[in-house]
Amino acid sequence: MELPPYASTGQKVWHYAYLVICGLIFFFLIAPILIIIPLSFNAENFFTFTPGMLSFDADAYSLRHYRDFFTNPDWQQALWNSVRIAPVATLISVSLGTLAAVGLSQSHVPFRGAIMAILISPMIVPLIISAAGMYFFYSRIGLQGTYVGVTLAHAALGIPFVIITVTATLVGFDKSLTRASANLGAGPLRTFFKIQMPLILPGVISGGLFAFITSFDEVVVVIFVGSANQQTLPWQMFIGLREQISPTILAVATILVVISIVLLSVVEILRRRSEKLRGMSPG
């Protein structure tokens, strides 16, 4: 945003100071990623920049760690476990979270504030506490160390993201559309899929993407609830840092960063589309 020509000296100073502060915060957040990405191309088994890398010697850079990731059976098994768990957990999160958000948007629902606080509590409670609670609960019902247990645990972590994004989308929803649909003879289910869902779909997809990222990147709950058969990609990275320092971890981290950037870009596109849809709705 440009300053108007009539801005005072104080306004100009604050404007440029604000830009500098935002730039410093952005650099603070992005600096670790900027270090990890070039290190993933290191030709040596080091976690630091070699003299050849600092001098931009082509022989100091290599794709060996990326090849190791795509050929190592341990990494591929971890990737397969993440791919198996995250989509199913996301589907459960989207289904339950969307229904909860739509239900809580109704004014006649009692104790809406308390119910909302309970549903989004997994975002607020420290993850180590949630993981310990899930461990004791799932061990009692026989789901600890199973695929179903890990998937349900990840779904529980993803539901709050879906509830928040769908609830934000429903803020601009025109409820007269559902009343008109009911007056024309459509049932609640048909009204939901034909009227509500197309308008809140950007929020649903955004929440699903956040839930997918949460499941794909989560490690603490998997350590507590999972077993050796459910070692996901973040778990394998954690083991690699603890037992064998391999730069392959940096290659995997770079791949995850790229995936996250793509998904967050999709979320931003959907957010803008949602704003346009809300602006087109009456009232």
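The values are calculated or read from the model by the stated rules, or taken from the named source; none is laboratory data. As the structure is a prediction and not an experimental result, all values here were calculated from the model. Methodologically, a virtual Cβ is constructed for each residue, glycine included, from the backbone with ideal geometry; neighbour enumeration extends over all protein chains shown.
Check whether at least one residue in region 45-55 is over 33 Å from the mean Cα position of the chain (by Cα) and over 30 Å from Met237 (Cα atoms), and report yes or no.
no
The conditions are (1) at pLDDT 90 or above; (2) surrounded by 16 or more Cβ atoms within 10 Å (Cβ to Cβ), and Ala132 fails exactly one of them. Which is it?
(2)
Considering only residues that are surrounded by 23 or more Cβ atoms within 10 Å (Cβ to Cβ) and over 17 Å from the mean Cα position of the chain (by Cα), which ones fall in region 77-93?
Ala78
Is there any pair linking a residue in region 64-89 that is free of Cβ contacts under 8 Å to residues at least 24 places away in the same chain to one that is buried (at least 16 other Cβ atoms within 10 Å of the Cβ) and outside any helix (DSSP H, G or I), with Cβ under 7 Å and at least six apart or on different chains, and which?
Close Cβ pairs (under 7 Å, with a partner that is buried (at least 16 other Cβ atoms within 10 Å of the Cβ) and outside any helix (DSSP H, G or I)) amount to Arg64/Ala43.
Could you run through region 164-194 and say how many residues are of a type in the set (A, V, I, L, M) and either in contact with a His (Cβ under 8 Å, 6 or more places away or on another chain) or over 18 Å from Ala100 (Cα atoms) (or both)?
Count: 5.
Only residues in region 33-47 that are under 14 Å from Ser246 (Cβ atoms) and surrounded by fewer than 13 Cβ atoms within 10 Å (Cβ to Cβ) count as the first member; pair them with residues that are of a type in the set (D, E, K, R) and at pLDDT 85 or above, Cβ under 6 angstrom, at least 6 apart or cross-chain, and list the lot.
Correct list of pairs: empty, since none qualify.
Mind counting the residues in region 172-197 that are without any contact (Cβ under 8 Å) to a residue 60 or more places away in the chain and not in a helix (DSSP H, G or I)?
Number satisfying all stated conditions: 5.
State the number of residues belonging to region 126-148 that are in a helix (DSSP H, G or I) and within 17 Å of Pro234 (Cα to Cα).
The total comes to 4.
Which residues, counting only those in region 251-283, are buried (at least 21 other Cβ atoms within 10 Å of the Cβ) and either touching a Cys at 6+ places or on another chain (Cβ under 6 Å) or at pLDDT 75 or above (or both)?
Ala251, Val252 - these are the residues of region 251-283 that are buried (at least 21 other Cβ atoms within 10 Å of the Cβ) and either touching a Cys at 6+ places or on another chain (Cβ under 6 Å) or at pLDDT 75 or above (or both).
Where in region 2-92 are there helices (runs of 4 or more DSSP H), lying wholly inside it, with at least 1 residues that are at pLDDT below 85 and aromatic (Phe, Trp, Tyr)?
Ranges flagged: 9-39.
Identify, by number, the condition in (1) touching a Pro at 6+ places or on another chain (Cβ under 6 Å); (2) over 30 Å from Gln230 (Cβ atoms) that Phe111 doesn't meet.
Answer for Phe111: the failing condition is (1).
Does any residue of region 197-218 turn out to be of a type in the set (D, E, K, R) and within 30 Å of Ile255 (Cα to Cα)?
The answer is yes, given that some residue of region 197-218 is of a type in the set (D, E, K, R) and within 30 Å of Ile255 (Cα to Cα).
I'd like to know if region 215-231 contains one or more residues that are touching a His at 6+ places or on another chain (Cβ under 9 Å), not in a helix (DSSP H, G or I) and not small (Gly, Ala, Ser).
Yes, the conditions are met somewhere in region 215-231.
Taking Ser82 as the residue in question, decide whether it is more than 30 Å from Gly226 (Cα to Cα) and either out of contact with any helix residue (DSSP H, G or I) (no Cβ under 7 Å at 6 or more places or on another chain) or small (Gly, Ala, Ser) (or both).
When the stated conditions are applied, Ser82 does not pass them.
Ser105 - would you say it is without any contact (Cβ under 8 Å) to a residue 60 or more places away in the chain, surrounded by 13 or more Cβ atoms within 10 Å (Cβ to Cβ) and closer than 30 Å to Gln196 by Cβ?
The answer is no for Ser105.
Are any residues in region 109-155 closer than 14 Å to Thr90 by Cα and either β-branched (Val, Ile, Thr) or free of Cβ contacts under 8 Å to residues at least 60 places away in the same chain (or both), and if so, which ones?
Val148, Val150, Thr151 - these are the residues of region 109-155 that are closer than 14 Å to Thr90 by Cα and either β-branched (Val, Ile, Thr) or free of Cβ contacts under 8 Å to residues at least 60 places away in the same chain (or both).
For residues that are hydroxyl-bearing (Ser, Thr, Tyr) and crowded, with 23+ Cβ neighbours inside 10 Å, tally how many sit in region 179-213.
Count: 1.
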